[in-house]
Structures are given as C-alpha cells and as structure tokens.
Amino acid sequence: MALVAIPFNKPFIAGKELYYIAEAVTFGNIAGDGHFTKSCSRFFEERFRIPKVLMTPSCTAALEMAALLCDFEPGDEVIVPSYTFVSTVSAFVREGAKPVFVDIRPDTLNIDESQIEQAITEKTRAIVPVHYAGVGCEMDRIMEIAERHNLLVIEDAAQGVNASYKGRALGSIGHLGSFSFHETKNYICGEGGALCINDERFIERAEILRDKGTNRQRFFRGEVDKYTWVDVGSSYVPSEICSAFLYGQLELLDTIAERRRQIYASYRDQLAPLADAGLLKLPHIPEECRCNYHMFYILLPTREVRDCLMDGLRAEGITAVFHYIPLHSSPMGVRLETHRTQLPQTDDLSGRLLRLPLFYSIQDQEIEHVVHTIGDLLNAEPVVDEMPSLLAHDNA
Ligand SMILES: *Cc1c(COP(=O)(O)O)cnc(C)c1O
C-alpha cells in the first residue's frame, strides 16, 4: 500500500522568491519590465551569452513572437518534430505556416537531423528543433543545413534552460530561441518564458511586437519623444511578480541544477539492474551535450507494458506519466498536414515512454520507493487481476 503519494511534479521555493515579490510591490511596480524582469533578462544574457533576452509570459508567447518575426507568406513551411508540445507547432500555424513533420532519433527523441534535408522544399522557411528532456539536438548539422538553404532556426529550448551543446547554451545557437518557466520546468515562476534573440536584426522589431506593437522601448531609451503604434503586436510582457519569483530561483541556478543532477543519477543508478535485465531502457545523453536533467524517462518494451506499469504505479500512489500524443496524429495535425510521411520512431517511442517523478524537493527515499515499485511491477507475473489494462489492450 502507498504510504505517501508521490506526485509527478511539485512547485518549489528554493530561496528568496517570496521576499522578492514583496520587494517588487514596495518598489512600486508590479506591471512589466521593472527591476526584476530586467534582472532576469540580464542574468540570461550574461550567463548564456545571448545578445538579447526578452522575458515573456510563457514559452508559447516567445514562440508566437518568433513566428511573427519570421514574417511568413501564405504556403510557407516550417520543419518541426511531431513528438513535441503543441505550442512548438501551433505558434507557427497561427501565422499561416504549414508544419512539415520530421521523425525523431531513437536515442535522444530529438528531431532526426539526417531526415531534415529531404523535408525541405522551396517553400521551407524555418526549422524548429526541440531539445527534448534538456538534451541538445545535433545543432551543428542543423545550423549547417539551415545556412545552406537560407532557413531560420528557432530553438524550442523550453526544457533546455541551463543545458548546453558543445559548450554553447541551448537557446543561444539558432537565430531565435525560447525558454519556459512553467511550473513543470527546471526554473519556475508559475507561468513564464523568454525569447532569446541571437540574430541582432530581430531585436528592434521583437521589442515592438512584445509591447502591443508600440515603440515604447525606444521612448524609454529617449530615442523618440513620444511612443505610438507602429506595427502589429500583443501583450508579451510578464508581470514583475512572476519575474521576482523567477529571479529568486535564478540566484540559486547552480544549487537547483545540482539537486536535479543527483536525482537523475539516483534514478539511473538504481534502475540500471532492470535495464541490464532487459526490462526497460534508460535515457541516453550524447557526449557533446551537457544535460540539465529536466526529465527522467524510461522506455518499456511495448505500449501495453508501459500502460500497465503506469497503472500499477498509480495504484501505489506514484504518478508517472506518458508524454506527447504525436502532433501528426492529433485531430488538428491530421487536418493540417498534406504531404504526409511516415514517422515510425515517433509512433513507436511515444507509446513506450514513461516519465518518472522528478522535482527539486523529491526525497531520496521517495526515489527509492519509485524504483522498488517499478521493479516489483515489472518482475511480477502478469496476473489478470493485478493488470487489468494488459487485458484491456489484448482485447482491443
Ligand atoms: C513546456 C513546453 C512549451 C510551452 O511552454 P509554456 O511556458 O507553458 O508556454 C513549449 N515547448 C516545449 C517543448 C515544452 O516542453
């Protein structure tokens, strides 16, 4: 029987988050672009060597800004993985671009760079690599392809904050990049994000789009004597309250990172015997990638085993979850895609993956409990009573 339930994720306070929120109020500015929002931008610009970082209310908002900056024309195409969060693709579809889905690599579940070139047509405008689980995509190859075909690269680094590829921070490599500080990510503020601008020609327009299509930022810098409406735009500025909370976490970036590394290592070490016995597969981190340990997932031999294990863990109070329903097989994806290709790795791996509880405050004995329960469930005889979902799938 479960003693204490172990959730999949739990928001956390690591340091001065709440104090900084109070401070923002006493500073007299809790709308946008005050002291804490600027401190967060500066932190990322300096630490990750990014020319300009604009804080946003979410990663989705940052991706929408990136899509606006692409200035698509009708019929333009964007190369994306299907194995990703909705916003990666939705942000571009909103601007009239057509998604062209490319399969993923079985080792990292990142977009398979070797299949990108065959997806390029004369309508292709951009590639959107997603750094799944905080493990970098093969960016050298992707940037080289993009350069040769004159394409923009927008990194969806929602899960990749404080991870790197060949020594370069994820989000700092493409023309544009995006971060998320949603409560399920490594550094959180409830809902939050950032747009990373690595190609400086986008900076001025990005500032305008972010501030309702006005040139208010230029006004603040004294470059114009009044501010007015100059372009399309929206409200893509986060509240100081969120930025204050986030800054409290950024001050402890290394502490939070180290704890996640330990949790990941515990899972990996303790699950190794089950992997050696062929009962599951552990995640892979290529040598050129420094991971931020955003996620710990395991791959089971079949979808039935995965679903059965997930149900078994839930019965013990442990919330382990699958991840994306591939977008090409979602109702919207089916409606959008015209030149359909097979995505066998995406279809296969998405059905066999299970994510384990991983959050800053998870206790060592909770990790042990998760691992032991997995071991018990995988080694158990599949008795019908204990494994109703297996039966249900057999009959389906
Ligand atoms: C979380 C996530 C997003 C969306 O982030 P929000 O901040 O919630 O908008 C986008 N892409 C990926 C890959 C994500 O994991």
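The values are calculated or read from the model by the stated rules, or taken from the named source; none is laboratory data. Here the structure is a predicted model, which is why all the values come from computation and not from measurement. A quick note on method: Cβ atoms are made from the backbone with ideal geometry, for glycine too, and the neighbour counts reach across all protein chains shown.
Listed values, structure above:
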item	result
Of all residues in the stretch 57-71 being assigned to a loop (DSSP other than H, G, I, E, B) and in contact with a strand residue (DSSP E or B) (Cβ under 7 Å, 6 or more places away or on another chain), the one that is nearest to the ligand (Cβ to nearest atom)	Ser58
Any hit, the stretch 210-229, residues being closer than 23 Å to Val86 by Cα, in contact with a Phe, Trp or Tyr (Cβ under 7 Å, 6 or more places away or on another chain) and modelled with pLDDT of 95 or more	yes
Given (1) touching an Asp or Glu at 6+ places or on another chain (Cβ under 9 Å); (2) in a loop (DSSP other than H, G, I, E, B), index of the condition Asn186 fails	(1)
Ile50 vs. criteria more than 16 Å from the ligand (Cβ to nearest atom), buried (at least 17 other Cβ atoms within 10 Å of the Cβ) and not in a loop (DSSP other than H, G, I, E, B)	no
Any hit, the stretch 222-243, residues being under 20 Å from the mean Cα position of the chain (by Cα), part of a helix (DSSP H, G or I) and surrounded by 15 or more Cβ atoms within 10 Å (Cβ to Cβ)	yes
Residue in the stretch 119-128 that is of a type in the set (Ser, Thr, Tyr) and under 18 Å from the mean Cα position of the chain (by Cα) present	no
Positions within the stretch 29-53 being of a type in the set (Asp, Glu) and either within 14 Å of Leu253 (Cα to Cα) or touching a Leu at 6+ places or on another chain (Cβ under 6 Å) (or both), in sequence order	Glu46
Residue within the stretch 195-213 that is within 16 Å of the ligand (Cβ to nearest atom), under 16 Å from Phe43 (Cα atoms), surrounded by 24 or more Cβ atoms within 10 Å (Cβ to Cβ) and in contact (Cβ under 8 Å) with a residue 40 or more places away in the chain present	yes
The stretch 135-171 - residue that is small (Gly, Ala, Ser) and farther than 20 Å from Ser87 by Cβ and, of those, surrounded by the fewest Cβ atoms within 10 Å (Cβ to Cβ)	Gly167
Residues (touching a helix residue (DSSP H, G or I) at 6+ places or on another chain (Cβ under 9 Å), over 18 Å from Val78 (Cβ atoms) and more than 11 Å from the ligand (Cβ to nearest atom)) located in the stretch 142-169	Asn162, Ala163, Tyr165, Lys166, Arg168, Ala169
Count of residues meeting criterion [assigned to a loop (DSSP other than H, G, I, E, B) and either within 15 Å of the ligand (Cβ to nearest atom) or not assigned by TED's automatic domain parsing to the domain that holds Val130 (or both)] in the stretch 72-101	5
Where Arg42 falls short, out of the listed (1) within 21 Å of Ala169 (Cβ to Cβ); (2) touching a residue at least 60 places away in the same chain (Cβ under 8 Å); (3) over 20 Å from the mean Cα position of the chain (by Cα)	(2)
Lone unmet requirement of (1) crowded, with 19+ Cβ neighbours inside 10 Å; (2) within 16 Å of the ligand (Cβ to nearest atom) for Asp112	(2)
Residue ID - farthest from Ile367 (Cα to Cα), chosen from residues in the stretch 1-39 that are surrounded by fewer than 16 Cβ atoms within 10 Å (Cβ to Cβ) and among the small types (Gly, Ala, Ser)	Gly28
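Yes/no per residue for (1) within 20 Å of the chain's Cα centre (by Cα); (2) of a type in the set (Gly, Ala, Ser); (3) modelled with pLDDT of 95 or more:
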{"position": "Val305", "(1), (2), (3)": "no, no, yes"}
{"position": "Ala315", "(1), (2), (3)": "no, yes, yes"}
{"position": "Thr346", "(1), (2), (3)": "yes, no, yes"}
{"position": "Pro357", "(1), (2), (3)": "yes, no, yes"}
{"position": "His369", "(1), (2), (3)": "no, no, yes"}
